[in-house]
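Contents: one structure, followed by commentary.
The values are calculated or read from the model by the stated rules, or taken from the named source; none is laboratory data. This one's a predicted model, so the numbers in the text were calculated from it and none came from an experiment. Note that each Cβ is placed from the backbone with ideal geometry, even for glycine, and that neighbours are counted across all protein chains shown.
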Ligand code: SF4
């Protein structure tokens with residue numbers, strides 16, 4: 001009997017780690033000959049269908065993720081959906097329990113006919129490195145050749161590094177992702193200086209999902225505000241940021257929150273800090289509390305926004321506008337104060353006259 005050809009189609013939900021890791025997955029799976037099917041961008045329906053599956057207290061990103069799984073199940077030809085369990089991304093650095101238990105959560109709440117392609121990354125356990133994780137992800141497809149897997153991972157890193165280079169150069173997330181997936185690196189000349197700069201502190205799944213964050217980048221852009229995020233920083237800068245808040249790295253997403261905030265709080269070019277977190281997120285509520293205390297100490301303006309599936313856009317915009325308006329007023333009054341101090345402190349050069357008088 002002829003051997004049946006393995007179905008190398010993999011569905012990837014546009015949620016959770018997608019926003020940080022997809023360039024890698026794209027390079028990796030494509031190099032192994034997979035056809036990748038992504039779920040559609042988040043809509044109201046994605047949110048409401050995902051929310052209906054879990055208790056209200058569950059955070060919004062998880063509800064959205066579940067909605068994306070349903071979206072993939074409804075796509076023709078998608079039987080295998082990639083749901084990694086990212087336990088620990090470095091020794092003793094852990095993800096929150098919801099991210100760690102994602103495959104179990106999906107399995108328990110969605111009783112449809114599909115295969116969960118589950119792989120566990122736990123760098124706190126000996127011998128559980130990236131290659132073991134990748135091998136586990138492709139084993140259900142009959143791919144076991146470790147050399148092939150390592151080569152494919154190189155391709156993954158290539159796409160990911162190109163993406164990161166563009167993000168660090170200040171290119172928008174959408175453009176950087178599109179170009180990286182097309183194998184291109186685009187570097188634009190940086191001419192877009194704006195009167196106000198803010199640091200947006202959040203997880204990728206909160207701010208790069210346009211529906212979840214209600215297009216916060218577009219809204220700030222329309223207010224002539226330049227936005228900085230964790231993706232513009234190096235690991236070293238975020239490590240220093242964590243230390244400057246007197247903390248040690250524990251949570252996997254501590255870089256995105258404490259590390260990024262710690263860095264930008266010390267940066268004089270940054271006029272204010274905006275944190276955006278999902279209602280009910282335990283790790284974020286701890287981290288934001290610390291950031292807020294440091295912002296007060298350093299007299300840096302800070303706005304803390306919380307989102308859930310009921311967050312209304314009107315209230316969101318009002319708070320954002322009021323904050324940015326305050327930053328503009330603060331900046332104007334500082335400029336005026338600096339000008340008046342210079343005038344007030346101006347002293348004519350008297351030493352020449354004095355020396356003339358002394359000579360006489
Ligand atoms: S870190 Fe917070 S927002 Fe992210 S999955 Fe965990 S609880 Fe939800």
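Is it the case that some residue within the range 306-315 is modelled with pLDDT of 95 or more and either away from the ligand (no atom under 16 Å from the Cβ) or in the same structural domain as residue 261 (by TED's automatic domain parsing) (or both)?
In the first step, residues of the range 306-315 are kept if they are modelled with pLDDT of 95 or more; the result is none.
No, the range 306-315 contains no residue that is modelled with pLDDT of 95 or more and either away from the ligand (no atom under 16 Å from the Cβ) or in the same structural domain as residue 261 (by TED's automatic domain parsing) (or both).
Restricting to the range 293-302, give me the number of residues that are closer than 21 Å to residue 321 by Cβ and assigned to a helix (DSSP H, G or I).
Total satisfying the criteria: 1.
Looking only at the range 163-191, count how many residues are more than 20 Å from residue 238 (Cα to Cα) and part of a helix (DSSP H, G or I).
Residues that pass the stated criteria total 8.
Against the condition within 16 Å of the ligand (Cβ to nearest atom) and crowded, with 21+ Cβ neighbours inside 10 Å, how does residue 72 come out, does it pass?
When the stated conditions are applied, residue 72 does not pass them.
Assuming residue 100 fulfils every condition listed in (1) buried (at least 19 other Cβ atoms within 10 Å of the Cβ); (2) away from the ligand (no atom under 16 Å from the Cβ); (3) at pLDDT below 95 apart from one, which condition is it?
(2)
Kindly provide the set of residues from the range 31-48 that are within 19 Å of residue 18 (Cβ to Cβ) and more than 24 Å from the chain's Cα centre (by Cα), ordered by number.
Those that are within 19 Å of residue 18 (Cβ to Cβ) and more than 24 Å from the chain's Cα centre (by Cα): 31, 32, 34, 35.
When the residues of the range 23-37 are filtered to those that are surrounded by fewer than 18 Cβ atoms within 10 Å (Cβ to Cβ) and in contact with a strand residue (DSSP E or B) (Cβ under 9 Å, 6 or more places away or on another chain), which remaining residue is nearest to residue 157 (Cα to Cα)?
30
Name the helices (runs of 4 or more DSSP H) wholly within the range 195-282 that hold at least 3 residues that are within 16 Å of the ligand (Cβ to nearest atom)? I'd like the intermediate steps shown before the answer.
Numbers: elements: 204-207, 216-222, 235-244, 260-265.
Those helices (runs of 4 or more DSSP H) span 204-207.
Can you list residue pairs whose Cβ atoms sit under 8 Å apart, with the first residue in the range 13-41 being on the phi > 0 side of the Ramachandran plot and the second being modelled with pLDDT under 95 and more than 16 Å from the ligand (Cβ to nearest atom)? Count only pairs 6 or more apart in sequence or on different chains.
Listed by first residue and then by second, the contacts come to 33/8.
Per-residue answers, yes or no, for (1) modelled with pLDDT under 95; (2) surrounded by fewer than 17 Cβ atoms within 10 Å (Cβ to Cβ); (3) not assigned by TED's automatic domain parsing to the domain that holds residue 65:
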{"position": "208", "(1), (2), (3)": "no, no, yes"}
{"position": "219", "(1), (2), (3)": "no, no, yes"}
{"position": "245", "(1), (2), (3)": "yes, no, yes"}
{"position": "256", "(1), (2), (3)": "yes, no, yes"}
{"position": "292", "(1), (2), (3)": "no, yes, yes"}
{"position": "297", "(1), (2), (3)": "no, yes, yes"}
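Does the range 105-116 include one or more residues that are surrounded by 16 or more Cβ atoms within 10 Å (Cβ to Cβ), within 16 Å of the ligand (Cβ to nearest atom) and either in contact (Cβ under 8 Å) with a residue 24 or more places away in the chain or over 28 Å from residue 249 (Cα atoms) (or both)?
Within the range 105-116, one or more residues are surrounded by 16 or more Cβ atoms within 10 Å (Cβ to Cβ), within 16 Å of the ligand (Cβ to nearest atom) and either in contact (Cβ under 8 Å) with a residue 24 or more places away in the chain or over 28 Å from residue 249 (Cα atoms) (or both).
Restricting attention to helices (runs of 4 or more DSSP H) lying wholly within the range 1-112, give those where 3 or more residues are under 25 Å from residue 174 (Cβ atoms).
Numbers: elements: 18-31, 44-51, 60-73, 97-100, 102-109.
Fully inside the range 1-112 and qualifying: 18-31, 44-51, 60-73.
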